[in-house]
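Reading through the structure tokens given below for one structure.
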Amino acid sequence: MAMNAPAPRPLSPHLQIYRWSWTMAMSVVHRITGSALYAGTVLLTIWLVALASGPEAYSWVGWFFGSPIGYLVLFAYTWILMHHMLGGVRHLIWDFGHGMEPTERIWLARMTLIGSTLLTVLIWAVVLLAR
Amino acid sequence: MVDNRSDTRVSMRTPLARAKGLGAAGHGAGEWWIHRMTAVSNVPLVVAFVIIVAAIAGRPYAEAVRFVSHPIVAIPLVLLIVSIANHMRMGVQIIIEDYVHQKGAKIAALMANTFFAIVIAAACIFSILKISFTAA
């Protein structure tokens, strides 16, 4: 097959080249929180399988989630879940072509962080006050 | 529009894409759409999930079983598992495709990713159904 050698295709520099911005940071965090939730489904599975297995298995899981480390994991899990959820909503807004202006997209990125923190605190306040 | 696919200097297409004539058009859009669709279904299901977990937290075994066995709890939980298992498989597939370039490792990672999502989904759904169908 007669073919010219392909011209060098344009390459994009990697993360460390760029100055950090809100949108870039929240994009990176969206991917990290997504990966964390992927791993976190193991905890969800352990909880459900223990509940299906019987009181003894469930008491072990209850002991772990009731411990200080368990609380810390659940608190982090809550924030990660809220952050990825709001980040997803932000991406859906963009998918429909809205919020693309510089001020709008920076506002959306900030609200992802602020909103996820507020929701996490709200959820835990309700849960802890209700008992 | 000018068809410049044969000229790699002005097109982003690789020589392989030109040879096949398809680019990513085979199924890329379908995966993209299911990823967005599950993103949308995740939102109400995750809200339900947070409420369910908050309601169960700290309760004794028998109460927790009775709670999860109720259709109004069990059905959203099953839907949540189906939605997140699909969503996370596609999300991690994108990450693998971005960072793993060695062919063998990439195929192994993509397979492991799919197996993981299926095992998680099967274990969760089986557990929810067992709790629902055997609860007194």
> Farthest toward the dipole's positive end in region B:40-129, which of B:46, B:122, B:95, given Cβ charges of +1 (Lys, Arg) and -1 (Asp, Glu) about the Cα centre?
Replying inline: B:122
> Looking only at other chains, what is the average number of their beta-carbon atoms within 10 angstrom of each beta-carbon in B:118-127?
Replying inline: 4
> Which value, in debye to the nearest 20, describes the size of the charge dipole of chain A about its Cα centre when Lys and Arg Cβ atoms bear +1, Asp and Glu Cβ atoms bear -1, and nothing else is charged?
Replying inline: 280 debye
> At what distance in angstrom do the alpha carbon centres of region A:57-89 and region A:13-33 lie from each other?
Replying inline: 25 Å
> Taking N as the number of residues in the protein assembly as shown, what value does Rg over Cα atoms divided by 2.2 N^0.38 Å take?
Replying inline: 1.22
> Given +1 on the Cβ of Lys and Arg, -1 on the Cβ of Asp and Glu, and no further charges, what dipole in debye does the protein assembly as shown carry about its Cα centre, rounded to the nearest 20?
Replying inline: 440 debye
> Efficiency by 1/(1 + (r/R0)^6): what FRET value for residue A:111 and residue B:118, r their Cβ-Cβ distance, R0 = 30 Å, to the nearest 0.05?
Replying inline: 0.30
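Can you give the extra length, in nm with one decimal, that the chain gains between residue B:47 and residue B:107 once fully stretched, where that is 0.36 nm per residue apart less the Cα-Cα distance?
Between residue B:47 and residue B:107, full extension yields 18.1 nm more.
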> Suppose R0 equals 25 Å; then what is the FRET efficiency for residue B:126 and residue A:43 from their Cβ-Cβ distance, rounded to the nearest 0.05?
Replying inline: 0.90
> Most exposed first by the Cβ proxy, i.e. fewest other Cβ within 10 Å, how do A:58, B:99 rank?
Replying inline: B:99, A:58
>> Quick check of the Kirkwood formula: for region A:18-131, what is the inverse mean of 1/r over all pairs of different Cα atoms, in Å?
In response: 15.9 Å
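Every number in this text was worked out from the coordinates using simple rules, so none of it is lab data. What you are looking at is a predicted structure, and each value in this text was computed from that prediction instead of being measured. Heads up, the Cβs are rebuilt from the backbone with ideal geometry, glycines too, and the neighbour counts pull from every protein chain shown.
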